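Enquirer: One structure, as structure tokens, below. Some questions next.
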Amino acid sequence: MKVAMALAVAGLSFSSVATAECAKGSTGTVYCAAVPNGGATVNSNGTVYCGKGQCRRNSIGTVYCSKIAGGGAETNSIGTVECLGGCELGSPSMCVRGES
């Protein structure tokens, strides 16, 4: 019984769930990050940009994403995006169209 419980607990600790953010562009089409744990957000022109980690817009509408898969990103008080592991520009090429 103890062995079975230990194996069950070990299995839970090694399981992970991969997610990807999605966003709706100005035309109403939904796009999602193409990589597991990637981010998606809309730029100031309504185009969806994606990246390896979370994505945020800076004060002029440019999208930056974390360089690390699943890494966090947030816009600071002066409108600059700061990211876990550093930031890189988001890209529409990092997105895939959502499916129903």
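Any read-out appearing in this document is the output of simple, stated calculations on the displayed coordinates, not a laboratory observation. Keep in mind it's a predicted model, so treat the numbers as computed, not measured. Here the Cβ is made from the backbone with ideal geometry for all residues, glycine too, and neighbour counts use every protein chain on show.
Enquirer: Using beta carbons and a limit of 9 Å, which pairs, at least six apart or on different chains, have the first residue in the range 25-40 and free of Cβ contacts under 8 Å to residues at least 40 places away in the same chain and over 9 Å from M94 (Cα atoms) and the second one surrounded by 13 or more Cβ atoms within 10 Å (Cβ to Cβ) and basic (K, R)?
Expert: N37/K52
Enquirer: Can you name every residue in the range 16-50 that is part of a strand (DSSP E or B) and of a type outside the set (G, A, S)?
Expert: Hits for the range 16-50 are C22, K24, V30, Y31, C32, T41, V42, V48, Y49, C50.
Enquirer: May I pose another question? Cβ-Cβ distance below 9 Å, separation of 6 or more or different chains: which pairs start in the range 85-100 with a residue that is touching a residue at least 60 places away in the same chain (Cβ under 8 Å) and within 19 Å of N45 (Cβ to Cβ) and end on one that is of a type in the set (G, A, S) and in a loop (DSSP other than H, G, I, E, B)?
Expert: Cβ pairs passing all conditions: M94/A34; M94/G38; C95/A34; C95/G38.
Enquirer: Take G53 and decide whether it is surrounded by 16 or more Cβ atoms within 10 Å (Cβ to Cβ) and part of a loop (DSSP other than H, G, I, E, B).
Expert: Yes, satisfied.
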